[in-house]
Structures are given as structure tokens and as C-alpha cells.
Amino acid sequence: MKYIVCKKPGVFEYLEKEAPKKKVGEALVKIHRVGICGTDLHAYSGNQAFFSYPRILGHELAATVLEIEANHQDLKVGDPVAILPYMACQHCQACIQGKTNCCENMQVLGVHTDGGMQEIISIPSAFLLPAPHLSLDEIALIEPLSIAFHALRRAGLQKGEHVLVIGCGPIGVGILKLAQAQGATVVAMDVNAARLQFAKKALGIENTVLTGTNAADQCRDFFDGKRADIVFDATGNKKALETGHHYMSHGGRYVLVGLYKADLTFLHPEIHAKETSLLCSRNATREDFVSVMDFLASGEFPTANYITHRVNKAGMIQHFERWLLPETGVLKAMVAFD
């Protein structure tokens with residue numbers, strides 16, 4: 001079978017190997033779609049935290065079942081499935097408390113262990129979710145949207161609240177659309193005017209602010225003269241992460257979804273005076289996946305607009321490096337592994 005491996009930063013290889021054999025408790029699944037995310041781009045660039053090489057990337061996956069044992073979900077050969085890529089141990093303190101998204105012994109497909117950029121993988125059947133009512137494209141979008149949904153759940157979003165999302169990449173846009181669907185007033189902020197324009201025209205995010213001069217005043221204009229109840233950082237940029245709380249109201253919540261590899265510094269009096277709830281949001285849970293699947297099944301999410309670039313597996317390597325460039329306008333690239 002064909003697979004793609006990132007041998008080291010900046011180097012992909014398109015290779016062939018034998019298909020895996022199904023182990024007890026696992027299922028063999030055929031990969032049809034692999035969504036490209038920031039983790040993959042950072043891994044290729046050599047600046048992804050918690051990472052080692054060589055590594056088969058890919059954790060935004062759509063698949064169908066090839067072989068499976070009897071299972072409690074009644075999954076059968078041929079069934080379309082989503083894959084929960086966070087291989088939680090189920091035994092640590094976090095897992096016992098239901099916080100499998102931050103398992104102490106986490107193994108994430110495509111990060112800590114080989115992922116889905118291969119035609120067939122064997123995976124514990126407990127990490128599969130039946131997705132009979134979704135297209136393959138929609139199934140591959142469940143994971144990034146679940147990260148967005150988990151961030152909203154982590155923040156305790158209430159209908160009618162004012163939400164600012166800094167960073168209009170795939171996760172940031174997901175937060176915006178899901179918060180909008182839950183009745184929030186949302187504002188998108190980014191350094192890239194073209195990305196804001198895309199978010200407005202293609203994805204229906206009406207309120208946008210270009211980072212820089214008078215950004216705070218523009219945000220308050222959209223929020224009836226107030227600051228944001230919740231600010232989400234979806235950039236992973238040091239400067240953005242360290243300053244996003246400036247847009248937050250007193251008593252508000254600041255949620256760090258983006259990940260930066262080194263130290264962050266906050267002026268304590270600034271965050272203390274607001275009694276800031278400073279939260280981190282990592283990965284997602286099975287419950288988040290199920291909620292997002294229901295949302296996608298409703299048809300409310302603009303899947304066709306969200307996926308901006310498509311290639312087949314044989315053509316991915318020649319296109320991948322260009323997806324690092326802002327001028328290519330990539331929001332979500334999708335690789336067909338059929």
C-alpha cells in the first residue's frame with residue numbers, strides 16, 4: 001500500500017509497504033480523506049511541539065471499515081467512520097475524570113505515533129465513531145471542528161455573549177461558526193486582511209477586525225460598546241497570546257487554543273484586576289465529536305467553502321510547501337487517499 005512519511009523537516013517521501021494486519025480489539029480501515037491542519041504544517045516546518053521524526057502525519061481522517069470484530073457500536077465492514085485520533089490510556093487521573101483530551105499518556109495519531117497518510121491503518125475499534133449520515137469530506141472535518149467545539153465548552157459559552165476570536169485559520173473559523181450557531185455575537189480578528197475577507201464572504205462571519213490601529217475600539221463597536229465576554233486565541237503566536245486579554249471584559253474568560261512552544265509572559269496586575277479566567281483548551285473528547293457530527297448533519301456548516309484546496313495522495317508532496325504561504329489562501333486542504 002502507498003503512504004507518505006515526513007522523514008525530517010522539509011522532506012516528504014511517497015513510498016510503498018505491506019498493509020497492516022488487524023490485531024485483537026482493532027479494526028482495519030481504509031483511509032479516504034486526510035485533512036491538513038496546522039500541526040501537519042508545523043511538523044513539516046520543524047516547529048511542532050511534542051514531535052519526532054520520521055513520522056506519518058494525518059489525524060483529520062475519513063475512513064471505511066475493512067475488517068472488524070463484533071463490537072458494541074455494531075460497526076460492520078463497509079461502514080463509514082470517523083476516527084478519534086487521541087489515543088488516551090483510559091487509566092490516568094484525567095481519563096478517569098472523563099478528560100481524555102488531556103490524558104497524561106496521550107498518543108495522538110500523526111504526532112506521537114504514525115497517522116493516517118496511508119491507505120490502510122489498524123486502530124482500536126473503540127476509537128471509531130459511525131458516521132452514516134455524513135459525506136467523506138464532512139467526516140474529515142469532524143476533528144478540527146471538535147477542537148473548536150471543545151474550546152467553546154471549556155469556556156462555558158452562554159447564548160448572547162460577546163465572543164472575539166483572534167486568528168482566522170481553520171480552528172478559529174470553526175470557533176466562530178459554532179459560537180454563532182449557539183447564539184453568540186462573534187467578531188473575527190486577524191493580521192491578514194485577505195483571510196478576514198474570505199471569512200466574511202465565504203463563511204458568513206460578518207464582524208471582522210484587522211489587527212492593529214483602533215482594533216479595540218472596532219471590537220467594542222460590534223459589542224455595543226463593551227469588551228468581549230470571551231476571547232479565544234487561535235493563533236499560537238507569542239505576541240497575540242500575550243496580548244489577547246486586553247480585549248476581554250472584567251470578569252471575562254481568556255481561552256488559549258493556539259499552542260506556542262516556549263514561555264509566555266503576562267503582566268500580572270492586568271490579568272488580576274479583571275479577575276481573569278485564564279483557560280487552556282486541548283484536543284477534544286468523544287462527546288465533542290458526537291456534537292459536531294450532529295451539527296454537520298444539520299447542514300448549517302459551509303463545508304464546500306471551508307475546504308479551499310484539494311489534491312490526491314500522489315500530488316500532495318508537490319503542493320504541500322505552497323500551503324505554508326499566506327498568499328495561496330489555504331484554509332483547509334484536503335487530500336484524497338482513495
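The values are calculated or read from the model by the stated rules, or taken from the named source; none is laboratory data. Note that the coordinates shown come from a computational prediction; the quantities given were computed from them, not determined experimentally. Counting neighbours? That spans all protein chains shown, and the Cβs are built from the backbone with ideal geometry, glycine included.
Worth a mention:
- Hits in the range 179-201 - residues which are charged (D, E, K, R) and without any contact (Cβ under 8 Å) to a residue 60 or more places away in the chain: Asp190, Lys200, Lys201
- Qualifying positions in the range 7-32 - crowded, with 18+ Cβ neighbours inside 10 Å and either polar (S, T, N, Q) or over 19 Å from Ile83 (Cβ atoms) (or both): Phe12
- Evaluation of Met334 against (1) farther than 23 Å from Ala151 by Cα; (2) not in a strand (DSSP E or B) (one fails), failing number: (2)
- Wholly enclosed strands (runs of 3 or more DSSP E) of the range 195-305 bearing at least 3 residues at pLDDT below 95, surrounded by fewer than 20 Cβ atoms within 10 Å (Cβ to Cβ) and within 23 Å of the chain's Cα centre (by Cα): none
- Residue in the range 51-63 that is in the same structural domain as Ser125 (by TED's automatic domain parsing), basic (Lys, Arg) and either farther than 23 Å from Arg282 by Cβ or modelled with pLDDT under 95 (or both) present: no
- Failed criterion for Ile317 (all others in (1) under 18 Å from Leu41 (Cβ atoms); (2) surrounded by fewer than 12 Cβ atoms within 10 Å (Cβ to Cβ); (3) not basic (Lys, Arg) hold): (2)
- Among residues of the range 300-311 that are farther than 15 Å from Ile36 by Cα, those with a Cβ under 7 angstrom from a residue that is of a type in the set (Gly, Ala, Ser) and modelled with pLDDT of 95 or more, sequence gap 6+ or separate chain, pair up as Glu300/Ala181.
- Only one of Glu270, Glu242 that is charged (D, E, K, R), outside the structural domain of Thr328 (by TED's automatic domain parsing) and in contact with a Phe, Trp or Tyr (Cβ under 9 Å, 6 or more places away or on another chain): Glu242
- Pairs where the first residue, in the range 88-111, is under 16 Å from Ser281 (Cβ atoms) and the second is small (Gly, Ala, Ser) and in a loop (DSSP other than H, G, I, E, B), C-beta under 6 Å, 6+ apart: Thr100/Ala88; Asn101/Ala284; Cys103/Ala88
Matching residues to (1) closer than 30 Å to Asp338 by Cβ; (2) polar (S, T, N, Q); (3) modelled with pLDDT under 95:
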residue: His112; (1), (2), (3): yes, no, yes
residue: Ser125; (1), (2), (3): yes, yes, no
residue: Leu129; (1), (2), (3): yes, no, no
residue: Val173; (1), (2), (3): yes, no, no
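- Any chance Ile139 is part of a helix (DSSP H, G or I), on the phi < 0 side of the Ramachandran plot and in contact with a Leu (Cβ under 9 Å, 6 or more places away or on another chain): yes
- One residue alone among Tyr306, Tyr260 is farther than 22 Å from Leu84 by Cβ and touching a Leu at 6+ places or on another chain (Cβ under 7 Å), and that residue is Tyr260.
- Selected residue (criterion: nearest to Met293 (Cα to Cα)) from residues of the range 44-67 that are touching a Lys or Arg at 6+ places or on another chain (Cβ under 7 Å) and surrounded by fewer than 20 Cβ atoms within 10 Å (Cβ to Cβ): Thr64
- Unique match (being outside any strand (DSSP E or B), of a type in the set (A, V, I, L, M) and in contact (Cβ under 8 Å) with a residue 24 or more places away in the chain) among Leu176, Leu129: Leu176
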